[in-house]
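Only one structure is covered here, and it is reproduced in the block below.
The values are calculated or read from the model by the stated rules, or taken from the named source; none is laboratory data. All values reported here derive from a predicted model rather than from experimental measurement. Every residue, glycine as well, gets a Cβ built from its backbone with ideal geometry; the counts of neighbours run over all protein chains shown.
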Amino acid sequence: MTAASVAAVLQAAPPDAITAPSVDLTAVMPVLIVLGAACVAVVLEALLPRERRYAAQVTLTVAAIVVAGFWTLLEGSRHRYAVTFAGSVAVDGGTYVMWGVLLVLALPSVLLMADRVAEPGGAFVAQAAARVGSARDRVATQVATPMQTEVFPLTLFAVGGMLVFPAASDLLTLFVALEVLSLPLYLLCGLARRRRLISQESAVKYFLLGAFTSALLLYGIALIYGYAGSIRFTDIAARASAGSGSDTLLLAGIALLTVGLLFKASVGPFHLWTPDVYQGAPTPVTAFMAACTKVAAFAAMLRVFSVALQPMYWTWRPVLWVVAIASMLIGAVLGITQTDMKRVLAYSSVAHAGFIILGVMALSQQGASGTMFYLLTYGFATIGAFAIFTVVRRGSGEASRLSDWAGLARRSPVLAASMSLFLLSFAGIPLTSGFIGKLSVFTAAVGAGMAPLVVVAMVATAITAFFYLKVVVLMYFSPPAGAAEDGAGEPYVVVPGPLTAIVIGLSVVVTLVLGIAPSWFLHLLSVPFPFTG
């Protein structure tokens, strides 16, 4: 076709046949800042000498998250809402709250990744391509060769995907954001400096299960599109309200879509990846996943269930009742049997996912606000707990066994007190942020007519308190652990580096302040409801 014929076709077309999509760059500027910084970080990784990459990457990553956070706070205070990118992204009051919580938790996660004091050279492998057990791998580990700085652009790409995930207003954007946040995490999980084999095994497990679940989610999207003829949340809700079409397609699509979201949030019984991945991944990555990925997943569920699937709540809410009970009981009961500290925190994460989903199911302003507050409190306590985990060591690696934590209060009273505070917050003890978070979510659930479910949640909370308090008893009332049978020596505590000390101190302050004086923060995290379509 010649240029003249193309021009003739365009002139003959109706004026509104070709329209440019609406794009509001100001509304999505936090996403552009983070993803733009990730692209710049890739260029720096290619151009800068190795000895200059660490400082440049850390500075760029922290600056990008801080600037994006300030932009989110500024635009959120102006109540500037928009549906942009041809209706695929909705930026409203709820989006700004979700972005704010996510960026606030991403900052200490990055600082923990950047620390190179507790683990000389950093928690990440120096040469990811080196074969495990090879001479090059042993030398890189023993000499404390500086870690791979590719972790910082990978982290920024993951944060960018997490920002888009809860802002998506159509199913295709939701799926793309899920893949953008997941693929960097698959790589990061396999980059541990020590215990390389179990780290790579965790990455493979996470990748295979994640790919399988992404396929389920994509199939669910296809079924919902077949039902509604659209992937827009508002169109799906309108079609479901009208009651036309095949209910089989809709129900099957909702089931598969829900499975994909529950997997990413590590809600039981879709949690099978969680203990192994938490145990094998580098500890800073575990902290990042436990805090930030949970925020992104539950924030996306809030929007999907309250906008696209709200007319069908009578079909999916009973199913989520069963899922919530299963998650709470799985996390509580199996957590008691664990002897590895990381696996204890993994099953704690599964139990908390069951608690958090109560706020999602409430379909109310109180439920959405309580969910975001809970995610903030749980995120800081989790990051603080994993930060302490990095400085309690045995031999050349981290002290992962529960028995290694015996007598920690004698070795480091400050760290033992901080860890006790985080564990008490997990248990929901008054005067900690965890108590206010649980109270917010449980109150919203009772208001939505889910009182029996709250009773089950309180029983599960009592069970989880057992293994949290077991760790506290170990730290304060048990004699210090002796040398291991494998010759690893006695457990010891290294002096935290400046970045890790900042993370632990910040987490302690936030856990106390949100538990003692939460009113201002509850108001700040008040989510306007309902969400924009």
- Quick check: anything in the range 420-434 over 30 Å from SER526 (Cβ atoms) and surrounded by 16 or more Cβ atoms within 10 Å (Cβ to Cβ)? yes
- Is there a residue being under 23 Å from VAL304 (Cα atoms), within 26 Å of the chain's Cα centre (by Cα) and at pLDDT 95 or above anywhere in the range 146-157? yes
- Message: Exactly one of these conditions fails for ALA483: (1) modelled with pLDDT of 95 or more; (2) not in a helix (DSSP H, G or I). Give me its number.
- Response: (1)
- Determine, yes or no, whether ALA63 is of a type in the set (Gly, Ala, Ser), modelled with pLDDT of 95 or more and either over 24 Å from the mean Cα position of the chain (by Cα) or not in a loop (DSSP other than H, G, I, E, B) (or both). yes
- Since ALA368 meets every condition but one in (1) more than 21 Å from VAL493 (Cβ to Cβ); (2) at pLDDT below 90, which condition does it not meet? (2)
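A quick yes/no check of all residues on (1) surrounded by fewer than 21 Cβ atoms within 10 Å (Cβ to Cβ); (2) under 17 Å from the mean Cα position of the chain (by Cα); (3) among the aliphatic types (A, V, I, L, M); (4) modelled with pLDDT of 95 or more:
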{"site": "ASP276", "(1), (2), (3), (4)": "yes, yes, no, no"}
{"site": "PRO282", "(1), (2), (3), (4)": "no, yes, no, no"}
{"site": "ALA291", "(1), (2), (3), (4)": "no, yes, yes, no"}
{"site": "TYR313", "(1), (2), (3), (4)": "yes, no, no, no"}
{"site": "PRO318", "(1), (2), (3), (4)": "yes, no, no, no"}
{"site": "THR337", "(1), (2), (3), (4)": "yes, no, no, no"}
{"site": "ALA346", "(1), (2), (3), (4)": "no, yes, yes, no"}
- Query: Do we find that PHE270 is touching a strand residue (DSSP E or B) at 6+ places or on another chain (Cβ under 9 Å), under 30 Å from PHE124 (Cα atoms) and touching a residue at least 40 places away in the same chain (Cβ under 8 Å) in this structure?
  - Reply: no
- Taking the range 177-208 and keeping only residues that are hydrophobic (A, V, I, L, M, F, W, C) and over 17 Å from the mean Cα position of the chain (by Cα), one is left with LEU191, ALA192, LEU197, ILE198, VAL204, LEU208
- All positions within the range 226-242 that are surrounded by 18 or more Cβ atoms within 10 Å (Cβ to Cβ) and in a helix (DSSP H, G or I): TYR227, ALA228, PHE233, ILE236, ALA237, ARG239, ALA240
- Task: Can you run down the residue pairs with Cβ atoms below 6 Å, 6 or more apart or on separate chains, where the first is in the range 492-515 and within 22 Å of ALA406 (Cβ to Cβ) and the partner is at pLDDT below 90 and in a helix (DSSP H, G or I)?
- Result: VAL493/ARG411
- Within the range 342-363, which residues are part of a helix (DSSP H, G or I) and more than 14 Å from GLN279 (Cβ to Cβ)? ALA351, HIS352, ALA353, GLY354, PHE355, ILE356, ILE357, LEU358, GLY359, VAL360, MET361, ALA362
- Task: Return yes or no: is THR532 modelled with pLDDT of 90 or more and either out of contact with any Pro (no Cβ under 8 Å at 6 or more places or on another chain) or within 22 Å of GLN338 (Cα to Cα) (or both)?
- Result: no
- Task: Kindly indicate the residue of the range 406-419 that is over 19 Å from ALA465 (Cβ atoms) and in contact (Cβ under 8 Å) with a residue 24 or more places away in the chain and also surrounded by the most Cβ atoms within 10 Å (Cβ to Cβ) among those meeting that condition.
- Result: LEU408
- Which residue pairs have Cβ atoms closer than 6 Å, lie 6 or more positions apart in sequence or on different chains, and pair a first residue in the range 195-220 that is over 30 Å from LEU250 (Cα atoms) with a second residue that is of a type in the set (D, E, K, R)? SER202/ASP276; LYS205/ASP276
- Message: Show the residue pairs meeting these rules: Cβ distance below 6 Å; 6+ apart or different chains; first residue within the range 425-443 and modelled with pLDDT under 95; second residue charged (D, E, K, R).
- Response: GLY428/LYS438
